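Quick notes on the structure that follows.
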Amino acid sequence: MDPAELSPGIAALSRWIDDGNQHRDPEAATWARLAKITEEAGEVVAAHIGATGQNPRKGVTHSRADVEAELLDVAITALAALEHLRGHDERSLDLLGDTLEATLRRARLRD
């Protein structure tokens, strides 16, 4: 995907989710969007447990690619929730870049 299409794509996904939940109370819909991030994070952990065979009853059930895919699901879910909170202004990646820049400065990896 062209990088210029990423923020509009995330905003479109977020609008689609919101459209499908129009019948819900707006506050409940926001809580659901935020809770979904935690659900996706749990799937990362489950995939890692499966990829490393930490459950002796199940053995290896996932791959490293599964863990990576789940991490990307977390990122998309979080960015789409940000778009939801901001009214789908298509700035999620700009804001992510600003936050990354500030974090790099705090870590003294940028001047």
Among the residues of region 23-45, write down those that are open to solvent by 80 Å² or more (accessible area, probe 1.4 Å) and either in a helix (DSSP H, G or I) or in contact with a Cys (Cβ under 9 Å, 6 or more places away or on another chain) (or both).
PRO26, GLU27, TRP31, THR38, GLU39, VAL45
Residue by residue through region 89-111, note down the ones that are within 26 Å of TRP16 (Cα to Cα) and open to solvent by less than 70 Å² (accessible area, probe 1.4 Å).
ASP89, SER92, LEU93, LEU95, GLY97
The lone exception for ALA51 - which of (1) over 19 Å from the mean Cα position of the chain (by Cα); (2) surrounded by fewer than 12 Cβ atoms within 10 Å (Cβ to Cβ); (3) not basic (Lys, Arg) it fails
(2)
Within region 64-88, track down each residue that is out of contact with any helix residue (DSSP H, G or I) (no Cβ under 6 Å at 6 or more places or on another chain) and either assigned to a helix (DSSP H, G or I) or open to solvent by less than 60 Å² (accessible area, probe 1.4 Å) (or both).
ALA65, GLU68, ALA69, LEU72, ALA75, ILE76, LEU85, GLY87
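The values are calculated or read from the model by the stated rules, or taken from the named source; none is laboratory data. Note that the structure is predicted; figures quoted are calculated from it, not measured. With ideal geometry, Cβ positions are generated from the backbone for all residues, glycine too; neighbour counts draw on all protein chains shown. The accessibility values were calculated without ligands, DNA or RNA, using every heavy atom of the protein model including side chains. Shrake-Rupley method; radii C 1.70, N 1.55, O 1.52, S 1.80 Å.
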